[in-house]
């Protein structure tokens, strides 16, 4: 993980670089550096582990797994992909591009960069 994307309201999102370096780091080295990152620690306590803030993501299970590597436990969350399975079971795929095209009516999924940042 080199950074994180957050959205605080409709059409208000940002990318926060956490570990941008020219060094070639192994995963354990980057993991160690990120565990010491002051901003990531603030996000951990004030956002991810705060039960008063609802976190919403596509494929949240994958995001939770990624964040667990940095000793971050996500609480109070919803998963857009799971919501899609429940609401539209069998009607179409549930990947981000399909959801953008079918639910948000984005004609070309390649323009998703305007709408969100994701690691998919």
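Here's the yes/no breakdown for (1) out of contact with any strand residue (DSSP E or B) (no Cβ under 9 Å at 6 or more places or on another chain); (2) over 29 Å from residue 95 (Cβ atoms):
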site: 24; (1), (2): yes, yes
site: 32; (1), (2): yes, yes
site: 35; (1), (2): yes, yes
site: 48; (1), (2): no, no
site: 61; (1), (2): no, no
site: 65; (1), (2): yes, no
site: 68; (1), (2): yes, no
- Task: Residues being over 17 Å from residue 67 (Cα atoms) and surrounded by fewer than 12 Cβ atoms within 10 Å (Cβ to Cβ): count how many of those fall in the stretch 13-23.
- Result: 5
- Task: Select the helices (runs of 4 or more DSSP H) contained entirely in the stretch 24-120, then report the ones holding at least 3 residues which are more than 16 Å from the chain's Cα centre (by Cα), modelled with pLDDT of 90 or more and surrounded by 14 or more Cβ atoms within 10 Å (Cβ to Cβ).
- Result: none
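The values are calculated or read from the model by the stated rules, or taken from the named source; none is laboratory data. Only a predicted model underlies this, so the values are computations on that prediction, with no experimental measurement involved. Methodologically, a virtual Cβ is constructed for each residue, glycine included, from the backbone with ideal geometry; neighbour enumeration extends over all protein chains shown.
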